[in-house]
């Protein structure tokens with residue numbers, strides 16, 4: 001896998017984390033996978049269009065061949081960094097959701 005695709009996949013999780021936090025922290029209900037994947041709230045946000053344009057730019061950069069002809073494969077360190085980043089982001093979102101849901105039930 002090329003490093004550009006890894007960056008694109010990493011950035012692609014932002015709307016889903018945002019939607020997960022919106023459902024759990026603002027609506028005070030447990031997030032279902034289908035509701036998170038629907039991205040209803042994200043599509044209403046002003047920054048959704050900007051994010052879409054940025055995502056398409058990264059997609060074009062990831063799919064376009066390099067001018068020098070070199071490819072930049074993903075190293076194990078870069079992959080481990082992205083995996084740790086995703087674990088920490090989703091872990092923090094789950095922690096906030098748990099706190100919001102537990103304070104709502106009291």
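Here are a few things to note about the model shown:
- Only listed residue being within 16 Å of residue 2 (Cα to Cα) and at pLDDT below 90, chosen from 31, 100, 67, 80: 67
- Scanning the stretch 14-29 for residues that are closer than 15 Å to residue 47 by Cβ and in contact (Cβ under 8 Å) with a residue 60 or more places away in the chain yields a total of 2.
- Residue within the stretch 3-22 that is under 12 Å from the mean Cα position of the chain (by Cα), surrounded by 13 or more Cβ atoms within 10 Å (Cβ to Cβ) and not in a helix (DSSP H, G or I) present: yes
- Residues (surrounded by fewer than 17 Cβ atoms within 10 Å (Cβ to Cβ) and either assigned to a helix (DSSP H, G or I) or under 12 Å from the mean Cα position of the chain (by Cα) (or both)) located in the stretch 26-38: 26, 33, 34, 37, 38
The values are calculated or read from the model by the stated rules, or taken from the named source; none is laboratory data. Quantities reported herein were computed from a predicted structural model and do not represent experimental measurements. Glycine also receives a Cβ, built like all others from the backbone with ideal geometry; neighbour counts cover every protein chain displayed.
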